[in-house]
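Notes follow once the structure below has been shown.
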There are 2 protein chains.
Amino acid sequence: MNKFDNIKKLIVKDQLKLDCGQTISNFPIAYETYGKLNSKKSNAILVFHALTGDQFATGINPITKKDGWWKYALGPGKAIDTDKYFVICANVLGGCMGSFGPSNVNPTTGKTYEIDFPIITINDMVNAQYFLIKHFEIEKLFCVTGGSMGGMQVLQFVANYPNLSQTAVPIACTSNHSAQNIALNELGRQAIMADAKWQNGKYEDSDSSPNKGLSVARMAAHISYLSKDALQEKFGRKLQERDDLKFSFDADFQIESYLRHQGSVFVDRFDANSYLYITRAMDYFDLNKKYEGNLSKAFKNSNTKFFIISFTSDWLYPSSENKEIVIALNSIGADVGYVEIESDKGHDSFLLNVPDFLETLRGFLNTSYERLNEEGI
Amino acid sequence: MNKFDNIKKLIVKDQLKLDCGQTISNFPIAYETYGKLNSKKSNAILVFHALTGDQFATGINPITKKDGWWKYALGPGKAIDTDKYFVICANVLGGCMGSFGPSNVNPTTGKTYEIDFPIITINDMVNAQYFLIKHFEIEKLFCVTGGSMGGMQVLQFVANYPNLSQTAVPIACTSNHSAQNIALNELGRQAIMADAKWQNGKYEDSDSSPNKGLSVARMAAHISYLSKDALQEKFGRKLQERDDLKFSFDADFQIESYLRHQGSVFVDRFDANSYLYITRAMDYFDLNKKYEGNLSKAFKNSNTKFFIISFTSDWLYPSSENKEIVIALNSIGADVGYVEIESDKGHDSFLLNVPDFLETLRGFLNTSYERLNEEGI
């Protein structure tokens, strides 16, 4: 029995042509739902996860036994109130929590795909999740939302399905990966590939995985998720269970110990090849280029109401990049709101208990839902 | 014959007690000089190098055959004018360009020290270089200067030898390593240690070095040396010798290719264990703590004239951290000037052709030299 046997999965029978040119079919999309779909099917929210997230957005993840990644924002009575809304969240294509990814078995060879898995894109991820909406026979979603890579999927979703969601809330994201973003992801990939146990991606048959490389990749990413100020406030130069420096390469400082811990727990729940594929999808993301350098064109056929949220201390997807999306939407007269939330917690703010953010998100969703219902949409 | 046989070295016969408690003696300090020491011995500048620098600050490095690291700032007619000044630059303790470091042979065992080399500090580095000043019988330096870790050495030098230099120019540095700085260095160390070829630091006898890990460490550091804007302007999403994405893990983007190149050329000139030791020394640097949390006390016995330079886009040692040094000096009425240079080139600005920086440095040095000479010092 496989650890993913008891999780929800949609087997997509249809064909899906990927951006790389390959066509897939009969592939699994693992998903979770929270709350109840109302009789009008008007209260559905599709939540997209970020790089290392999965479908278990809240509650206890049955595989990792850890809290869901969006526990502060999503759940009964939370900003995304599952007493009110029906939330669908799927593991992305290329992921490692049950959806079609590099650790799946290739039926034609009987072996796991590993590095022979096709390169996938944000566009492919979104198109794969569209089948879930069809599966639930939802004609119109109330909202699509997500942070970071989840936000990129929001943008791509509206571009691909301009009138499938009443509202869209991309959070702390970008319409195209910057050179620094690509550089940080490439750093992570090179760390994995530098691990002798990666074995050119063919490690499934061997008795060990490139955990050291994956751990280094996670540490690098983690540094980029936090602001300099947040790191300084939380750790500063505090020592780890010692009164003085040990004059060794042990983890003298709490920040060292913290990073090592983040790296080591990550490898228990994530697959190195999935990390390669998903970061590649992020780097390839460029909605501007896809629309001849004019981001506005991506949304010109949509009447979706947008609300964009960024955080002051996010240096990975800074407010300036979020504002480019706001400008593109405004330039075509779209219905768009924007807030920059004051937070010193860096990119991770969207995952953390940041009251201003959570209240703003709650307010937008509840008010929009009431208005759109009143208007009879 | 060793590749370091033909470079200048001072063998320090004296004993030097290190911060870790060990005492060393009969150790080499490799150095280079530029220009001529005048008869009064009043025109000497001691230049301290940064993490991956060495004594070959300008001209062609005889070992690597590459340009010296401070070619824009230092040389005949340059800001640090070697037609006028006598410049001394030494490879730091723990380095790998001829000074006493982990690739030296331990005379008691007949084997290279490698990971058994003592943990060294910025204080130890500075004290080791003091012997060079004694060697040249210089009673008073005209200036001590350096950027990044070089700047930390400037601060430590003045603290240890309060009246040994007329002027001090710390550039783009800090008085104590922040949590983010420690995190980035720890990331580099973990990348090296994750490489199976590192073999717990005992790789000298084997036929290969942890080059992949060291290369990843260099990539991580390189990202931190450049600003987000500089990366975007230089690379953006430009593709590397191709018209379209290749849907593979090749270096599709120029930034990927650039980082891989930076990593691969670095391993030819640098030793992985030296990287561990020197980053450790940087992380341990905390001049505030050494003076009971009061940085001013580090300089209270000094009459050295300070000039501090920072760069607007430096996110590794931002202006705010440089200003803390200015504040500490001002609070004891020290002679201190400060400029923040407008540059989009990030931390690397001090190594690059940034005219405002170079002219400011030239102006400070030449004017100060004239005034101090007129005053008969």
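The values are calculated or read from the model by the stated rules, or taken from the named source; none is laboratory data. Note that this is a predicted model, so its numbers are computed, not measured. All Cβ positions, glycine included, derive from the backbone under ideal geometry; neighbour counts span all protein chains shown.
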Restricting attention to the stretch B:62-86, which residues are outside any loop (DSSP other than H, G, I, E, B) and either at pLDDT below 95 or touching a Leu at 6+ places or on another chain (Cβ under 7 Å) (or both)?
B:I80, B:F86
Within the stretch A:240-267, track down each residue that is more than 11 Å from chain B (Cβ to nearest Cβ) and assigned to a strand (DSSP E or B).
none
Answer residue from the stretch B:314-372, given it is within 21 Å of B:L51 (Cα to Cα) and acidic (D, E) and is farthest from the other protein chains (Cβ to nearest Cβ) among those
B:D348
Only listed residue being in a loop (DSSP other than H, G, I, E, B) and buried (at least 20 other Cβ atoms within 10 Å of the Cβ), chosen from A:L365, A:L329, A:L316
A:L316
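Which residue out of B:F307, B:F270 is at pLDDT 95 or above and in a strand (DSSP E or B)?
That would be B:F307, the only listed residue that is at pLDDT 95 or above and in a strand (DSSP E or B).
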Among (1) surrounded by 13 or more Cβ atoms within 10 Å (Cβ to Cβ); (2) of a type outside the set (A, V, I, L, M); (3) more than 30 Å from B:Y369 (Cβ to Cβ), the one test that B:K17 misses:
(1)
Could you check A:L239 against (1) over 21 Å from A:T52 (Cα atoms); (2) within 29 Å of the chain's Cα centre (by Cα); (3) hydrophobic (A, V, I, L, M, F, W, C) and say which number it fails?
(2)
Would the stretch B:95-105 turn up any residue that is under 30 Å from B:R371 (Cβ atoms), in a loop (DSSP other than H, G, I, E, B) and touching a residue at least 60 places away in the same chain (Cβ under 8 Å)?
no
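Take the stretch A:277-304 and flag every residue that is among the hydrophobic types (A, V, I, L, M, F, W, C) and not in a helix (DSSP H, G or I). Don't jump to the end; show me each part of the working.
Narrowing the stretch A:277-304 to residues among the hydrophobic types (A, V, I, L, M, F, W, C): A:278, A:281-282, A:285, A:287, A:295, A:298-299.
Of everything in the stretch A:277-304, just one residue is among the hydrophobic types (A, V, I, L, M, F, W, C) and not in a helix (DSSP H, G or I), namely A:F285.
Yes/no per residue for (1) of a type in the set (F, W, Y); (2) under 20 Å from A:N2 (Cβ atoms); (3) in contact with a Lys or Arg (Cβ under 6 Å, 6 or more places away or on another chain); (4) crowded, with 20+ Cβ neighbours inside 10 Å:
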{"residue": "A:T23", "(1), (2), (3), (4)": "no, no, yes, no"}
{"residue": "A:G35", "(1), (2), (3), (4)": "no, no, no, yes"}
{"residue": "A:N38", "(1), (2), (3), (4)": "no, no, no, no"}
{"residue": "A:S42", "(1), (2), (3), (4)": "no, no, no, no"}
{"residue": "A:V47", "(1), (2), (3), (4)": "no, no, no, yes"}
{"residue": "A:A50", "(1), (2), (3), (4)": "no, no, no, yes"}
{"residue": "A:Q55", "(1), (2), (3), (4)": "no, yes, no, yes"}
{"residue": "A:T58", "(1), (2), (3), (4)": "no, no, yes, yes"}
Of the numbered conditions (1) more than 8 Å from every other protein chain (Cβ to nearest Cβ); (2) surrounded by fewer than 20 Cβ atoms within 10 Å (Cβ to Cβ), B:Y225 satisfies every one except a single condition; which is it?
(2)
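Rundown of residues vs (1) free of Cβ contacts under 8 Å to residues at least 60 places away in the same chain; (2) of a type in the set (D, E); (3) more than 9 Å from chain B (Cβ to nearest Cβ); (4) not in a helix (DSSP H, G or I), yes/no style:
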site	(1), (2), (3), (4)
A:Q190	yes, no, no, no
A:K197	yes, no, no, no
A:Y203	no, no, yes, yes
A:A220	yes, no, no, no
A:G236	yes, no, no, yes
Over the stretch B:156-188, the set of residues more than 7 Å from chain A (Cβ to nearest Cβ) and touching a Gly at 6+ places or on another chain (Cβ under 6 Å) is B:P170, B:I171, B:A172, B:C173
If you go through the stretch A:268-280, how many residues are among the hydroxyl-bearing types (S, T, Y) and more than 11 Å from chain B (Cβ to nearest Cβ)?
2
Conditions (1) surrounded by 24 or more Cβ atoms within 10 Å (Cβ to Cβ); (2) assigned to a loop (DSSP other than H, G, I, E, B): number failed by B:I119:
(1)
The condition of being crowded, with 24+ Cβ neighbours inside 10 Å and either more than 17 Å from the chain's Cα centre (by Cα) or among the β-branched types (V, I, T) (or both) holds, among A:M193, A:M219, only for A:M219
B:S313 - would you say it is under 20 Å from the mean Cα position of the chain (by Cα), assigned by TED's automatic domain parsing to the domain that holds B:C143 and modelled with pLDDT of 95 or more?
yes
Of the residues in the stretch B:143-171, those that are surrounded by fewer than 24 Cβ atoms within 10 Å (Cβ to Cβ) and either part of a loop (DSSP other than H, G, I, E, B) or of a type in the set (S, T, N, Q) (or both) come to B:N160, B:Y161, B:P162, B:N163, B:L164, B:Q166, B:T167
Could you say whether any residue in the stretch B:237-245 is under 21 Å from B:A183 (Cα atoms), at pLDDT 95 or above and either among the polar types (S, T, N, Q) or not assigned by TED's automatic domain parsing to the domain that holds B:S310 (or both)?
no
When you go through B:S103, B:S99 one by one, which is the residue that is out of contact with any Ser or Thr (no Cβ under 7 Å at 6 or more places or on another chain) and either among the charged types (D, E, K, R) or assigned by TED's automatic domain parsing to the domain that holds B:V154 (or both)?
B:S99
So which residues in the stretch B:249-285 are crowded, with 19+ Cβ neighbours inside 10 Å, among the acidic types (D, E) and touching a residue at least 60 places away in the same chain (Cβ under 8 Å)?
B:D271, B:D283
